[in-house]
Every structure is written in structure tokens, then in C-alpha cells.
1. Tell me whether the range 4-23 contains one or more residues that are at pLDDT 85 or above, of a type in the set (Gly, Ala, Ser) and in a loop (DSSP other than H, G, I, E, B).
2. Restricting the search to the range 31-44, which residues are surrounded by 10 or more Cβ atoms within 10 Å (Cβ to Cβ) and either more than 30 Å from Val10 (Cα to Cα) or among the β-branched types (Val, Ile, Thr) (or both)?
3. Are any residues in the range 57-71 loosely packed, with under 10 Cβ neighbours inside 10 Å and modelled with pLDDT of 85 or more, and if so, which ones?
Amino acid sequence: MAPNSETLLVDETAPIVWFARTDSGGYLTVEPFDVTPHHEQPPVNVNALEERVKKLEEYYVQQSNPTKPRKPRQPANEPAVGTVETSGANV
């Protein structure tokens, strides 16, 4: 191959094409690429996506506004109410 040229080579034994190119000094570099059949992607169903988002929004609202009140969480750095804190010293 001449310097600064490119070509595709088809492999007859496998679904591979080889991309061959040369640099300005004529050094050859060859890279293999897999060839797979093209499959069209199905169109996106916008109505189904809107329905899913609506369900998620309803779930989020339900979780953030519960019908029964929750007990307040105890901060990690304070002892629980009704417990006796010991300093580790023997009394």
C-alpha cells in the first residue's frame, strides 16, 4: 500500500472486516472489526412512558405523605430515651 492510504479488507472465513492503513512513512496498521446484522430498534411508546412516570409520581407522593404518622428518628449522637448511659467506670 502507498503511504497515507486506507482500505477495508473482507475476511472470507469470519464475519470480520479489517481496516488497513499506512502512515506517512508507509508503516502498515491493521485493525479488525466485527460485522453484525443491523436490527431496527422498535419505536418508543410515549404513552407507556407517560403512564410509568405517572405511577412513579403517585408512589412518590404516597411515600412522602404517609397516612399514619411515623415516630421521630433518634439522632445518632444522643442516647435513646429511658436508657441509662454509663461512662465505663466501675461504680
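1. For the range 4-23, residues at pLDDT 85 or above, of a type in the set (Gly, Ala, Ser) and in a loop (DSSP other than H, G, I, E, B): present.
2. Of everything in the range 31-44, just one residue is surrounded by 10 or more Cβ atoms within 10 Å (Cβ to Cβ) and either more than 30 Å from Val10 (Cα to Cα) or among the β-branched types (Val, Ile, Thr) (or both), namely Val35.
3. Correct list: Val61 only.
The values are calculated or read from the model by the stated rules, or taken from the named source; none is laboratory data. Keep in mind it's a predicted model, so treat the numbers as computed, not measured. Reconstructed Cβ throughout: ideal geometry from the backbone, glycine too, with neighbour counts over all protein chains shown.
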